[in-house]
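These notes concern the structure reproduced below.
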Amino acid sequence: MDDSVVARLGSMKALLGIVAGAGASYGIYKLVFGRAGDAGVNRKKSAKSVSIQPGSLMAKVSGFKVVSKSDNLDPSADIDSSDIFSKSAASLEPRHLSMLLSLLQSSPNPEERRKVLVTLGNAAAFTVNQDLLREFGGLHIIAGFLSDPSPEIRVQTLNALNNLSMNVCNQEQLKIYVPSVMQMIEMSPVNSDLQLAALRLLTNLSVTDNHQHLMKNSITLLLSLLVIQVLKVLVNLSSNPDLMDDIVQAQAPASLILLFDSCTSTSVLLRLLFFVGNLRAWRPSAQVAEALRRRQDSLYCVLLDSSSQLHRKLPLLLSHPDEEVKSQVARLLT
């Protein structure tokens, strides 16, 4: 073979070797870096679909703070108020109560506030919720609506406080609202929903003698009303010997003695008889009795003094058709 041909063949082999080497290098490059690139893309895709669960190994190893839904400080973030309103009072959880209190403070809608108060009032029928609402600061939040311009909202506020006041610990916080409740009783129409709701709350607050002294200046007001709910309060107050001086000095309405009659509602009459029974357990000194007699319109003169018309009216009630009434009358006459 010609030397020049051999030389050209050698050059061609070298060139092919270079080309083959370059191709192999590129293949290796694609093999290595192409896979790495695909893995990077896959990692990006998977990062979008995989979440780190709180408490998982990944969460512990990563060192990042993982926030779960339960860490959300806004109780209303993932709960709709209509969902809570539709729940039964027994199924409400602490987070629901917290949301309701928040909504009560922030809602500009009177109807929504009314619904919140109704729901809270129903929830407060359960002891565990009575404690939770106190711990959440809910008693004062709810009581803040005693001055709401809407009478219906004030009624629902009183209803909620009434259930909350079944709890003795709650009464310690609620006692500061007694003057406001008394004012509401005085200013409301007689036997209105507002007045009766206020009297129900007052009844609960007067069950024990812890806070009865807060009501002693309002006994004359209560005597002027003489509806059944007022009589419940008066029976409670008259069981406290420390309040007896204030009670017997209170001005009694002229119509009071007329209620000791068979025509009077049995429930009213029974509570009047219980009230008189409590009063008779009190024994004034001769000096105090003489001072009370100078006030002819005092409760002492109307119901307790020897000149009281009650002594004439009680025997007539022995023929009352209700056995309990007759029993109470007989007890007072002995």
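The values are calculated or read from the model by the stated rules, or taken from the named source; none is laboratory data. Here the structure is a predicted model, which means the values were calculated and not measured. Virtual Cβ from ideal backbone geometry, glycine too; neighbours counted across all protein chains shown. Note: accessible area is taken over every heavy atom of the protein model, side chains too, but ligands, DNA and RNA are not part of it. Shrake-Rupley method; radii C 1.70, N 1.55, O 1.52, S 1.80 Å.
Details
- F145, F136, reordered so the largest accessible area comes first (probe 1.4 Å): F136, F145
- Extension gain (nm, one decimal) between Q251 and A291, 0.36 nm per residue minus Cα-Cα: 13.0 nm
- Accessible surface of I228 - all protein chains present, 1.4 Å probe, nearest 10 Å²: 50
- Per-residue SASA entry for H211, accessible area with 1.4 Å probe, Å² rounded to 10: 10
- In the full protein context, the stretch 196-247 carries 36 Å² of accessible surface per residue, based on a 1.4 Å probe and ignoring ligands, DNA and RNA.
- For the stretch 87-121 versus the stretch 240-314, the inter-centroid distance based on Cα atoms is 45 Å.
- Counting only protein heavy atoms and using a 1.4 Å probe, the accessible area of Y177 comes to about 40 Å².
- Accessible area in the full protein assembly, largest first, 1.4 Å probe, for T157, T334, T208, T264: T334, T208, T264, T157
- 3J(HN,Hα) from dihedral phi, the stretch 154-166, Karplus parametrisation 6.51/-1.76/1.60, rounded to Hz, x for glycine, proline: 5, 4, 5, 5, 5, 5, 5, 5, 4, 5, 5, 6, 5
- Portion, in percent, of the accessible area of the stretch 157-212 that falls on carbon or sulfur, probe 1.4 Å: 54
- Global form of the stretch 116-239, assessed from the alpha-carbon gyration tensor, a/c cut-off 1.5: oblate
- Pair D83, M166: separation of 7 Å Cα→Cβ label points (nm): 2.8
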